[in-house]
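This structure is in structure tokens; I'll ask about it shortly.
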Amino acid sequence: MIARAAGSVRIKLILTALATTFVALVVTTVSMLVYDLQSFQQGWVDDLTTQAELVATASAPALSFNDPRAARQNLGLLRVRPQIEAGAIYAANGALFASYVHTPSEMPTLPPKPGPLGYAIEGGHMVVTHPIVEEGERIGTVYLSASYRLLDRVQSYALILLGVTLGSLALAAVVAHRLQQTITRPLLAVTDVARAVMLRRDYSLRVSERDSGEIGTLIDAFNDMLAEISRRSNALQDANRTLEHEMTVRQGAERALLLADRRKDEFLATLAHELRNPLAPIRTGLDIMRINASDPLACDRARSIMERQLKQMVRLVDDLLDVSRINTGKLTIRREQLMLQDVVNDALELARPFIASQGHTLHVQVPEQAVYLVGDATRLAQVISNLLHNAAKYTARGGSITLEAEVRAAQVELRVRDNGIGIAPALLQDIFEMFIQADSSLERSTAGLGVGLSLARKLVELHGGSVHADSSGEGQGSTFSVTLPLLAEASAAAPVVEALPSNARLHRILLADDNVDFVNGIGGLLRSMGHQVHISHDGKQALAAAEAFAPEFAFLDIGLPELNGYDLARSLKRLPALRHTVLVAVTGWGQQKDRQQAFEAGFHHHLVKPVSIDQFQEILAQTGP
């Protein structure tokens, strides 16, 4: 069955190429035929006009001296042109002065008076009327009638073009057959396996085709994805067998399995559809490269189309793999100081081409003042670009999309708003689940697998933020809001730092963190508020400086080099001068067991990164030695 389906696709691709070639050849043939007939007609007009001018020039003296015999002799010279069947010279008053007939037995009818100047086609003849002028005065008219065999010209040209068309179709069939085998065979193999998996539920199937470049990447990613689905399917089946002993639990598990199975089937069906969609522009690109092989610009455009479609297929699989890595705990993010404006610019660079291709208007509003946060620049740009891409995809062409950012206390809220198809109220709670789409009908104009929003939510949560969707209903547009914690940075935050109250206490503060940018930024802010700050970048350095500095507060990172934060806290507590020092753990570890371990080591407070200057100020204001 799969072989028959693959053969059908190949035949359709070849027929499509032949049909496209035939249409192109017909259009070209008609265009060339029209152009040739126009050129043929213009050539006859120019030729007869030239002959008329020669006769007019030679016959002007004959008219002036009223010598019809000389005029007839001049017309008789037209015998060397057998196509000119008749000619005549008329006097200024329109009377026939002299005439000529190539074949006297077929005496054509000459007009009693000359017609308007110029040329005319009358039946199978072309007639040219030209004035005879002497010293600026019209003294007569030349009339020429020639045989105009247009039909013979059309028949001859049509036979030639028919031969060229048949030869071109034969060559196109051979080229299309070779190209479709080279390019579409790996992609057809992927779609055939996807269809077989969907029908047979056999997740052990794999694509055996091998290729290089992006198609090879797509095949490898697809096989990896099937392996992951197979592992998860087996896990679900094992769980189902384990829970069969409890009726209530078993029924709940069965419902969960049915839902997962239905979504899995929908996903595989959608995946097969989404992988087939790019075949159409790839096929068109091949046709462009074949028909316009001598046009480098057309070939470059075709290659760009094909590369873009292949990248889209790879992107679908990459999104799935990212979600899988997050769910299995294999995806890690870099935590570094970022400027919000840079992240937004990176996201716009990714999303602008697709938004522009849909004819949308994009409005961007971000704070002019630098806004800092901690996170992975690539992943945050991916979140924003996914939301922008979603807005453009589910908004009718020519719509409006707005990206705006607003700083609120220790957080920044990013909103992506559109005037697209909106979201039904029943879907608002589930829109971030895997394989859920706002429009899942067969008639939808948009495409996708329903993983982009789920991936965006998981990435935001890894950054300590949240994301939610709002919509007034279908057809009312939608708004997606992302909230992320801010990082106070000295150069950006110093101008807006409020002055300390006159009765506020100033403290000696020890900061220990191996994140140089973070600790220097926080230290600069605390110094700008009047506090005395000592900064260390490893545990031993902090311990060596602590006894002489005698800090009232010590903000310590847990993952310090040389001496970790727990051991550093225990060592500080043993120093007599630091018995009343308030110890604060500042760490990226935020589970309950991490908090308990910090308190057992002697810490008084536990802050989870990213932290803001407000959290520091709250501890300084509420606690003192």
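Of the conditions (1) assigned to a helix (DSSP H, G or I); (2) on the phi > 0 side of the Ramachandran plot, N66 satisfies every one except a single condition; which number is it?
The number of the failed condition is (1).
Right, something else. Tell me, which residue of the range 360-385 that is in a helix (DSSP H, G or I) and open to solvent by less than 20 Å² (accessible area, probe 1.4 Å) is farthest from V460 (Cα to Cα)?
Within the range 360-385, the match that is farthest from V460 (Cα to Cα) is S385.
What do you reckon, is T57 in contact with a His (Cβ under 9 Å, 6 or more places away or on another chain), assigned to a helix (DSSP H, G or I), modelled with pLDDT of 80 or more and not small (G, A, S)?
Considered against the rule, which asks whether it is in contact with a His (Cβ under 9 Å, 6 or more places away or on another chain), assigned to a helix (DSSP H, G or I), modelled with pLDDT of 80 or more and not small (G, A, S), T57 comes out as no.
Turning to a different aspect of this structure: List, please: which pairs have Cβ atoms under 9 Å, are six or more places apart or on different chains, and start with a residue in the range 577-603 that is on the phi > 0 side of the Ramachandran plot and modelled with pLDDT of 90 or more and end with one that is surrounded by 17 or more Cβ atoms within 10 Å (Cβ to Cβ) and not acidic (D, E)?
So the pair list comes out as G602/Y566; G602/A569; G602/L572; G602/L583.
Continuing with this model, one more query. Kindly indicate which of S471, S478 is over 22 Å from L348 (Cα atoms), surrounded by 18 or more Cβ atoms within 10 Å (Cβ to Cβ), modelled with pLDDT of 85 or more and out of contact with any Phe, Trp or Tyr (no Cβ under 7 Å at 6 or more places or on another chain).
Only one candidate passes the filter, namely S471.
Let me ask something else about it. Is it the case that the range 586-604 has a residue that's in a helix (DSSP H, G or I), touching a helix residue (DSSP H, G or I) at 6+ places or on another chain (Cβ under 7 Å), open to solvent by less than 60 Å² (accessible area, probe 1.4 Å) and not small (G, A, S)?
no
So, one more: Consider L48 carefully, then state whether it is touching a Phe, Trp or Tyr at 6+ places or on another chain (Cβ under 9 Å) and either outside any helix (DSSP H, G or I) or touching a residue at least 12 places away in the same chain (Cβ under 8 Å) (or both).
In short, yes.
A further question on this structure: Just checking, how many residues over the range 605-616 are open to solvent by 40 Å² or more (accessible area, probe 1.4 Å) and of a type in the set (S, T, N, Q)? Please lay out each step first, then the result.
Within the range 605-616, the subset open to solvent by 40 Å² or more (accessible area, probe 1.4 Å) is 605, 608-609, 614-615.
Next cut, of a type in the set (S, T, N, Q) only: 615.
So the answer is 1.
Condition test on D46, is it among the acidic types (D, E), surrounded by 15 or more Cβ atoms within 10 Å (Cβ to Cβ) and at pLDDT 80 or above?
no
Considering only the range 176-191, I want to know if a residue exists there that is among the hydrophobic types (A, V, I, L, M, F, W, C), modelled with pLDDT under 75 and under 22 Å from T29 (Cα atoms).
Yes, some residue in the range 176-191 is among the hydrophobic types (A, V, I, L, M, F, W, C), modelled with pLDDT under 75 and under 22 Å from T29 (Cα atoms).
If you don't mind, there's one more thing I want to ask. Based on what the data block shows, is E413 modelled with pLDDT of 90 or more and either surrounded by 14 or more Cβ atoms within 10 Å (Cβ to Cβ) or part of a loop (DSSP other than H, G, I, E, B) (or both)?
It is true that E413 is modelled with pLDDT of 90 or more and either surrounded by 14 or more Cβ atoms within 10 Å (Cβ to Cβ) or part of a loop (DSSP other than H, G, I, E, B) (or both).
Now, a different point. With the checklist (1) modelled with pLDDT of 80 or more; (2) surrounded by 15 or more Cβ atoms within 10 Å (Cβ to Cβ) in hand, flag the one item S168 doesn't pass.
Result: S168 fails condition (1) only.
Give the residue that is least open to solvent (accessible area, probe 1.4 Å), with candidates limited to residues of the range 74-87 that are charged (D, E, K, R) and not in a strand (DSSP E or B). Can you show your working first?
Going through the range 74-87, the residues charged (D, E, K, R) turn out to be 79, 81, 85.
Filter once more, keeping what is not in a strand (DSSP E or B): 79, 81.
Numbers: R79: 134, R81: 55 Å².
Filtering the range 74-87 for residues that are charged (D, E, K, R) and not in a strand (DSSP E or B), the one least open to solvent (accessible area, probe 1.4 Å) comes out as R81.
Moving on to the next point. Inside the range 357-383, can you point out the residues that are under 14 Å from M339 (Cβ atoms) and out of contact with any Leu (no Cβ under 9 Å at 6 or more places or on another chain)?
Scanning the range 357-383 gives E368, Q369.
Does the range 344-357 contain at least one residue that is outside any helix (DSSP H, G or I) and surrounded by fewer than 20 Cβ atoms within 10 Å (Cβ to Cβ)?
There is no residue in the range 344-357 that is outside any helix (DSSP H, G or I) and surrounded by fewer than 20 Cβ atoms within 10 Å (Cβ to Cβ).
Scan the range 416-458 residue by residue and report those that are out of contact with any strand residue (DSSP E or B) (no Cβ under 7 Å at 6 or more places or on another chain), basic (K, R) and modelled with pLDDT of 70 or more.
Listed by number, the list holds a single entry, K458.
Turning to a different aspect of this structure: Of the numbered conditions (1) over 30 Å from G285 (Cα atoms); (2) under 33 Å from the mean Cα position of the chain (by Cα); (3) at pLDDT 70 or above, L258 satisfies every one except a single condition; which is it?
(2)
If the requirement is being out of contact with any Phe, Trp or Tyr (no Cβ under 9 Å at 6 or more places or on another chain), among the aromatic types (F, W, Y) and outside any loop (DSSP other than H, G, I, E, B), which of these qualifies: Y90, Y119, Y100, Y143?
So the residue among Y90, Y119, Y100, Y143 that is out of contact with any Phe, Trp or Tyr (no Cβ under 9 Å at 6 or more places or on another chain), among the aromatic types (F, W, Y) and outside any loop (DSSP other than H, G, I, E, B) is Y100.
Any residue at all in the range 569-580 that's part of a strand (DSSP E or B) and open to solvent by less than 20 Å² (accessible area, probe 1.4 Å)?
no
Another question, if that's okay. Could you list, in sequence order, all residues of the range 542-562 that are in a loop (DSSP other than H, G, I, E, B), open to solvent by 30 Å² or more (accessible area, probe 1.4 Å) and either farther than 27 Å from G464 by Cα or small (G, A, S) (or both)?
Correct list: G559, E562.
Can you confirm whether the range 107-120 contains a residue that is touching a residue at least 60 places away in the same chain (Cβ under 8 Å) and closer than 24 Å to Q38 by Cα?
Among the residues of the range 107-120, at least one is touching a residue at least 60 places away in the same chain (Cβ under 8 Å) and closer than 24 Å to Q38 by Cα, which makes the answer yes.
Can you tell me which residue within the range 391-400, out of those that are more than 12 Å from the chain's Cα centre (by Cα) and not in a loop (DSSP other than H, G, I, E, B), is farthest from V460 (Cα to Cα)?
S400
The values are calculated or read from the model by the stated rules, or taken from the named source; none is laboratory data. Only a predicted model underlies this, so the values are computations on that prediction, with no experimental measurement involved. Note that we place each Cβ from the backbone using ideal geometry, even for glycine, and neighbour counts take in every protein chain shown. Calculation scope for accessible area: heavy atoms of the full protein, side chains included, ligands and nucleic acids excluded. Shrake-Rupley method; radii C 1.70, N 1.55, O 1.52, S 1.80 Å.
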